[in-house]
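Each remark here refers to the structure printed beneath this line.
A short reminder: the numbers here are calculations on the coordinates, not readings from a lab. This is a predicted model, so every value here is computed, not measured. Because the Cβ atoms are built from the backbone with ideal geometry, glycine has one as well, and the counts that use them run over all protein chains shown.
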């Protein structure tokens with residue numbers, strides 16, 4: 001009888017390990033198409049020295065229909081389900097640069113151009129659906145009110 005119990009215990013332990021690995025395993029979530037990012041000007045924003053350069057990068061991305069909005073980075077990027085919804089509805093990817101140093105003024109200048117495009121194409125509707133932590137969004141809302 002103890003042999004059967006021991007065999008069942010080992011079997012249940014093995015099954016629980018397998019289930020926990022598959023149930024709680026992490027999969028890579030891609031909010032940004034890596035080819036789209038590599039070919040965009042937003043990928044060069046870290047090297048931007050001034051606001052006019054950031055605005056130029058934004059204009060190039062807008063012309064190439066390669067749209068991004070920059071959010072604050074960090075060690076562990078935060079991705080919300082609403083980021084995917086926003087991208088599918090408005091064609092704009094949410095991106096952060098992790099721990100890369102990014103001049104806030106440069107990020108604001110880039111995002112402002114994308115905000116202007118969203119206003120031109122969709123009115124103010126998108127403002128209710130965008131993440132609150134997008135760099136420059138508070139300033140943009142204050143400027144438009």
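Sorting 116-122, 73-79 by their mean Cβ neighbour count within 10 Å, with the most densely packed peptide first, gives 116-122, 73-79. Need one number: nm distance between label points at residue 141 and residue 99, each 7 Å from Cα along Cα→Cβ, rounded to one decimal. About 3.1 nm separates the two model spin labels. Can you give me the pair-distance distribution of segment 34-144, C-alpha pairs, 5 Å bins, whole percents? All Cα pairs, binned at 5 Å, distribute as 2, 12, 24, 27, 22, 10, 2 percent.
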